[in-house]
Amino acid sequence: MNHINWMEEVLKRKEDFIKDLQGLLRIKSVLNENDKNPEAPLGQGIKDALEYMLNMGNKDGFITKNVGNLAGHLEMGQGDKLIGILGHVDVVPEGDGWSVDPYGAVIKDGKIYARGSSDDKGPTIAAYYGMKIVKELGLPLDKRVRLIVGTDEESDWRCVEHYFAEEEMPDMGFVPDADFPIIFAEKGISDYDIVQDIGTSTPNADFKLLSFQSGRRYNMVPDFAEVHVQMNSDLGKIDQEYRNYLREWELEGDVSANGNELTLTLVGKSAHGAEPRNGKNAGIFLAKFLRSLGLDAQGKKFVETISSFFNQSRGEVFGISYQDEESGELTINVGIMNYTKEKGGHIGLNMRYPVTFDIEKGKAKIEETLKKNELKMENFTDSKPTYVKKDDPLIQTLQRVYEEQTGEKAELLAIGGGTYSRALDHGVAFGALFPGREDVMHQKDEYAIVDDLLKATAIYAQAIYELAKV
Ligand SMILES: [Zn+2]
């Protein structure tokens with residue numbers, strides 16, 4: 001059975017593929033907590049999208065199951081072993097600035113435009129058609145294959161949490177919700193806060209830190225920071241010193257004074273928290289400047305804690321620098337910085353650690369360092385890394401299929417995380433964005449290139465067959 005022309009099988013079904021995809025894209029499946037009921041716990045739009053998939057599966061002869069209206073599956077094949085394919089049909093809100101209807105699914109110049117076309121309805125339908133082709137060709141399988149449809153990927157993953165509490169975990173699988181070729185390693189992701197309680201006051205300090213604010217999300221490098229300082233001396237040379245500082249580091253910002261209250265703002269450069277070096281952290285730059293001011297003891301400690309992270313995004317601050325061959329370096333992003341003189345300081349960190357890093361030991365080391373500095377850790381969360389060995393049969397099969405279908409080498413990618421594949425015990429992210437293509441997920445005028453989706457469908461069809469065949 002090695003002579004199946006998978007692309008030809010896809011092209012025979014092109015019209016139906018587009019029709020089925022358009023139907024799904026026209027459902028506004030955005031999380032809506034104001035429109036929920038026991039039958040539609042994440043809102044009616046999301047429920048409609050889930051039912052759309054299950055109805056399509058029923059019509060095409062798959063065994064389907066709705067799991068708590070949060071997820072569902074469509075199954076074919078037979079045997080004890082289970083291959084899982086995990087996609088999602090919820091989408092992020094469309095936002096502003098579209099040049100077409102975000103739920104119109106119009107096709108222009110070979111691109112289908114809609115929220116969800118590339119994340120993740122297009123790839124999910126591609127995987128579905130991959131299964132459908134294998135099924136319609138009547139190929140013998142000795143494993144079951146299940147398309148698992150999640151509905152809360154863009155928010156809290158309540159879908160997979162509920163689904164895997166009730167349903168079996170696949171023996172292996174893949175997730176069409178990221179990039180081709182294959183993402184085989186994703187770092188662990190841990191968020192936590194450094195907390196500074198209020199200390200003794202320093203009434204005679206020249207400057208007193210009143211408040212400091214920068215950043216709102218753990219996983220972003222903040223591009224804006226603002227501080228309010230009370231001056232017990234006059235403005236003096238600060239104005240000039242601050243402007244020199246901004247010029248030196250090629251930053252924007254402002255100084256203003258109102259009575260004896262000084263306000264400084266700083267504009268840095270935002271970036272994804274997975275690589276802090278790609279941004280200019282506004283909060284860290286501002287804290288670094290404030291160190292020179294002669295602040296009150298409590299304020300001084302806060303800005304010194306933050307500025308210790310200046311150019312130190314690899315865990316140096318806690319003595320936990322680490323890297324491995326599989327997934328690279330440990331990184332720490334300082335995403336949120338808040339201080340008021342009444343409440344003290346909160347610093348929110350986003351740490352991405354390599355797949356072979358011992359997180360329990362790392363956490364203990366961080367806590368020890370903080371304790372020495374009379375600081376503490378709060379709100380620790382941890383999403384474990386995911387990693388499949390390069391010589392694993394899953395990887396080998398997907399590599400071979402990808403190379404056969406595309407003629408390109410199937411490089412294995414390691415990323416800072418985190419894709420939906422970490423919901424599987426033994427799975428990788430596999431498509432559907434091809435190398436070199438523009439990533440328009442979550443953006444206005446999101447689109448998918450129709451020919452790319454069809455190519456992805458051929459890859460998925462062959463992959464499903466190769467993984468499940470007798
Ligand atoms: Zn997605």
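Read-outs throughout are calculated quantities, based only on the coordinates presented, and are distinct from any laboratory measurement. None of these values were measured; they are calculated from a predicted model. Ideal geometry is used to build each Cβ from the backbone, glycine not excepted, and the neighbour counts take in all protein chains shown.
Could you work out the helix-only [θ] at 222 nm for the chain, with each DSSP H run of four or more residues adding -39,500 (n - 2.57) and the total divided by the number of residues, to the nearest 500 deg cm²/dmol?
Working: 11 runs with 138 residues, N = 470.
About -9000 deg cm²/dmol.
Which whole-angstrom value gives the distance between the alpha carbon centres of the stretch 454-470 and the stretch 183-237?
If you average the Cα positions of each part, the centres end up 51 Å apart.
Any idea what the dipole of the stretch 156-203 comes to, in debye rounded to 20, about its Cα centre with Lys/Arg Cβ at +1 and Asp/Glu Cβ at -1? Spell out each step's value before the answer.
Details: 2 positive and 12 negative charges, 56 e Å.
Approximately 260 debye in magnitude.
Along each principal axis of its Cα atoms, how long is the stretch 355-398 end to end? Whole angstroms, biggest number first, please.
If we take the Cα atoms of the stretch 355-398, the spans are 52, 16, 10 Å.
Can you give the Rg to Rh ratio of the stretch 265-314, both from alpha-carbon atoms, with Rh computed by the Kirkwood formula? Mind dumping the intermediate values first?
Values: Rg = 11.5 Å, Rh = 11.4 Å.
When Rh is taken as the Kirkwood radius, the ratio is 1.01.
What is the helix-to-structure angle for 359-372, meaning the angle in degrees between its Cα long axis and the longest Cα principal axis of the chain, kept from 0 to 90 and rounded to the nearest 10?
The angle comes out at about 10 degrees.
If you average the C-alpha positions of the stretch 51-112 and of the stretch 401-444 separately, how far apart do those two centres end up, in angstrom?
Centre-to-centre (Cα) distance: 18 Å.
Below 8 Å, C-alpha to C-alpha, sequence gap of six or more: please give me the relative contact order for the stretch 17-71 in percent. Please report the intermediate quantities before stating the final value.
On the way: 55 pairs, mean separation 15.3, N = 55.
The value is 28 percent.
Using a cut-off of 12 Å between beta-carbons, work out the net charge of the residues near residue 297 (Lys and Arg +1, Asp and Glu -1, residue 297 not included). Present the calculation step by step, with values, prior to reporting the outcome.
Values: positive: 208, 300, 301, 341; negative: 296, 304, 374.
The answer is +1.
If the only charges are +1 at each Lys and Arg Cβ and -1 at each Asp and Glu Cβ, what is the size of the charge dipole of the stretch 189-383 around the Cα centre, to the nearest 20 debye?
Values: 23 positive and 30 negative charges, 53 e Å.
Dipole magnitude for the stretch 189-383 comes out near 260 debye.
On a 0 to 90 degree scale, rounded to 10, what angle separates helix 450-468 from the longest Cα axis of the chain?
Its long axis makes an angle of about 70 degrees.
Tally the DSSP beta bridges in the chain and give the antiparallel ones as a percent, rounded to 5.
Working: 77 of 98 bridges.
The antiparallel proportion sits near 80 percent.
Taking Rh as the Kirkwood radius, which is the inverse of the mean 1/r over Cα pairs, what is the Rg/Rh value for the stretch 199-308?
0.98
Against the longest principal axis of the chain, how steep is helix 297-307, in degrees 0 to 90 to the nearest 10, with axes from Cα atoms?
Taking Cα atoms only, the helix is inclined about 40 degrees.
With N denoting the number of residues in the stretch 1-137, provide Rg(C-alpha) divided by 2.2 N^0.38 Å, to two decimal places. It would help to have the intermediate numbers written out before the result.
Numbers: Rg = 16.0 Å, N = 137, 2.2 N^0.38 = 14.3 Å.
Taking N as the residue count of the stretch 1-137, the ratio is 1.12.
When we measure straight from the Cα of residue 301, which lysines land under 18 angstrom away, once same-chain ones fewer than 8 places off are left out?
208, 288, 341, 343, 371, 372, 376
Starting from the alpha-carbon convex hull of the chain, give the projected area averaged over all orientations, in nm². Provide the component values of the computation, followed by the final result.
Values: hull surface 99.9 nm².
That works out to 25.0 nm², a quarter of the Cα hull's surface.
Within 10 Å, count the other beta carbons around each residue, average over each peptide in 151-159, 460-468, 362-370, 186-194, and list them highest first.
Values: 151-159: 20.6, 460-468: 24.4, 362-370: 16.7, 186-194: 22.9.
Going from most to least packed, we get 460-468, 186-194, 151-159, 362-370.
Computed over the Cα atoms of the stretch 189-383, what is the ratio Rg over Rh, Rh following Kirkwood?
When Rh is taken as the Kirkwood radius, the ratio is 0.99.
Counting Lys and Arg as +1 and Asp and Glu as -1, what is the net charge of the other residues whose Cβ lies under 11 Å from the Cβ of residue 439? Mind dumping the intermediate values first?
Numbers: positive: 437; negative: 119, 179, 438, 446.
After counting each charged neighbour, the total is -3.
Output the relative contact order of the chain, whole-number percent, from Cα pairs under 8 angstrom with separation of 6+ residues. Intermediate values should be presented prior to the final figure.
Numbers: 1080 pairs, mean separation 112.4, N = 470.
Contact order relative to length: 24 percent.
When N is the residue count of the stretch 99-246, what does its C-alpha Rg come to as a fraction of 2.2 N^0.38 Å?
Values: Rg = 26.9 Å, N = 148, 2.2 N^0.38 = 14.7 Å.
Ratio of Cα Rg to 2.2 N^0.38 Å: 1.83.
Among the listed pairs 300/365; 237/300; 14/81, give every one whose C-alpha distance is greater than 28 Å. Mind showing how you got there, number by number?
Details: 300/365 24 Å; 237/300 19 Å; 14/81 31 Å.
From the list (300/365; 237/300; 14/81), the Cα-Cα distance tops 28 Å for 14/81.
Ranked highest first by average number of other Cβ atoms within 10 Å, how do 312-322, 126-136, 350-360, 275-285 line up?
So the order, starting with the most tightly packed, is 126-136, 275-285, 350-360, 312-322.
Which order do the peptides 17-29, 172-184 take when ranked by the mean count of other beta-carbon atoms within 10 Å per residue, highest first? Write out the running numbers ahead of the final one.
Values: 17-29: 20.0, 172-184: 25.2.
Taking the mean over residues of other Cβ atoms within 10 Å, the ranking is 172-184, 17-29.
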